[in-house]
Amino acid sequence: IQWVVLLGLMGLNYLMEAIKWKLVVKQKKSISNVAAIKSIFVGQTFAFFTPNRVGEYLGRTLFLEEGSKWMGMAQMAWASYAQLLVTIVVGSVAVQWGIPFLLWLRWVAPLIAIIFIFLYFHNKEFKGWLSFLNILQIKSDIKLKLLLVSLIRYIVFIIQYTWVAHILVIDIPLDILIISISILFLCLSIVPSISITELVVRGQLLVLLLSPWYQNSLMIICLTSFIWFVNLLLPAIIGAFLLLGFRIKQ
């Protein structure tokens, strides 16, 4: 039952991402719930093999109609931006709780968060030769909805980590674990990587972050490995089968 709950959290995670995708796509073209969910998993397949998940943009637009693919890629950037903004803001708060070896992040992260918040909500139109970028703008209420769904998805991520820690009986105070995971997400948003190698990066970073409170690095690596499998590898496999079915129909 514990692993079923973890899989259910994975489904909720990708459901939140599908909702974000629908929010931005419907600005120009409607997309069905089934197509939105399929595109999320197929996007994960493409993202799995590309640096910083850039292939996800291409994978998602496969289910859009011809003529709206480029706009879909541009609009998806807002959904990604919203998730990144939540990660940076929460992470910048988490680093203030005295992680002893990341002191420089205490002032760098809040500064970056302020800049990102300003750019996200900046709705002033571009002038001159940059005016073509105005077509990429979305409404302020959509931006707020994207942030809300991104925050819910972020909470799901946190619950996944704490749940697996519970399953593996990793004895770490809950507040320390949540703070460390939030800083982990912040670091992962900065460090360039691809999903295949991200497993190693996640494990080593979390071992470092939790080292003052927990010395069993093997269990920490098991924790990140389970999360990597459920959140990245398994969805990529599902997306591969959906992509195969899509290609056969084509």
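Please treat every number below as a calculation from the coordinates, not as lab data. From a predicted model like this one, the values you see are computed outputs, not experimental measurements. Because the Cβ atoms are built from the backbone with ideal geometry, glycine has one as well, and the counts that use them run over all protein chains shown.
Pairs Lys26/Lys143; Lys38/Lys143; Lys26/Lys127; Lys22/Lys145; Lys22/Lys139; Lys22/Lys127: which exceed 21 Å Cα-Cα?
Details: Lys26/Lys143 13 Å; Lys38/Lys143 23 Å; Lys26/Lys127 26 Å; Lys22/Lys145 11 Å; Lys22/Lys139 14 Å; Lys22/Lys127 29 Å.
Checking Cα-Cα distances, Lys38/Lys143; Lys26/Lys127; Lys22/Lys127 exceed 21 Å.
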| Once you put a point 7 Å from the Cα of Phe241 and another 7 Å from the Cα of Lys26, both along the Cβ direction, what distance in nm separates them? | 2.9 nm
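Please work out the Kirkwood hydrodynamic radius for segment 132-248, using every pair of different C-alpha atoms, and report it in angstroms with one decimal place.
On the way: mean 1/r = 0.0613 Å⁻¹.
Across segment 132-248, the inverse of the average 1/r is 16.3 Å.
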| note | Measuring from the longest principal axis of the C-alpha atoms of the chain, the long axis of helix 234-249 (C-alpha) lies at a number of degrees, nearest 10, equal to 20 degrees
| query | Ile167 to Trp213: extension gain in nm, 0.36 nm per residue of separation minus the Cα-Cα distance? | reply | 14.7 nm
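Over all distinct alpha-carbon pairs, what is the Kirkwood Rh of the chain in angstrom? Display every interim value, and only then the final one.
Numbers: mean 1/r = 0.0522 Å⁻¹.
It works out to 19.2 Å.
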| Nearest-ten-degree value, helix 217-228 long axis tilted from longest Cα axis of the chain | 20 degrees
| Crossing angle, helix 33-48 versus the chain [Cα axis fit, 0-90 degrees, rounded to tens] | 60 degrees
| Alpha-carbon centroids, segment 25-57 and segment 191-234: separation in whole Å | 25 Å
